[in-house]
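First the structure, in the form of structure tokens, and then the observations on it.
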Amino acid sequence: MTPRRALSNTALIAAALLFVMSVTAPAASDKKDRQQGRLLFGKVLDQQDNPVVNAVVYLTNSRTHAVKTYIVGQDGTYRFPGLSTVDYEVYAQFNDRKSDTKSVSQFDDRSQVYVDLKIHTQ
């Protein structure tokens with residue numbers, strides 16, 4: 001084999017390795033994102049779509065029945081990061097008023113799920 005041909009083969013092998021690495025890299029990062037869990041987030045709003053400050057959001061894991069809570073701030077947003085892939089129920093409450101209960105399915109494969117919760121404050 002000539003030195004020129006050996007160099008050409010080495011270049012082809014290097015190019016092939018770079019291609020394989022670029023194709024498999026996104027799959028590895030997707031796997032990492034899945035290991036970190038899902039993010040459930042959204043806003044708590046009144047009937048005029050204004051944020052409901054200091055509303056409490058309740059998130060129930062349907063498998064374990066564990067409940068997490070989140071008190072929303074000035075912008076009405078809430079977030080529950082790092083959730084496992086099971087069914088959840090979420091609702092908001094403010095001054096003895098409650099939003100409808102929404103479900104997040106274990107079969108929903110999105111890594112980020114956005115859900116608005118509406119409370120009739122009057």
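The numbers here are math on the coordinates, done by the rules we state, and not lab data. On a predicted model such as this, the values are computed, not experimentally measured, just so you know. For neighbour counting, all protein chains shown are included, and Cβ atoms are generated from backbone atoms with ideal geometry for every residue, glycine included.
Quick notes
- Rounded to the nearest whole Hz, the Karplus-based 3J(HN,Hα) values (6.51 cos²θ - 1.76 cosθ + 1.60, θ = phi - 60°) of region 93-106 follow the sequence 9, 8, 6, 6, 10, 10, 7, 5, 7, 10, 10, 10, 7, 5, with x at glycine and proline.
- Rounded to the nearest 20 debye, the dipole size of region 51-122 about its Cα centre is 120 debye, using +1 on the Cβ of Lys and Arg and -1 on the Cβ of Asp and Glu.
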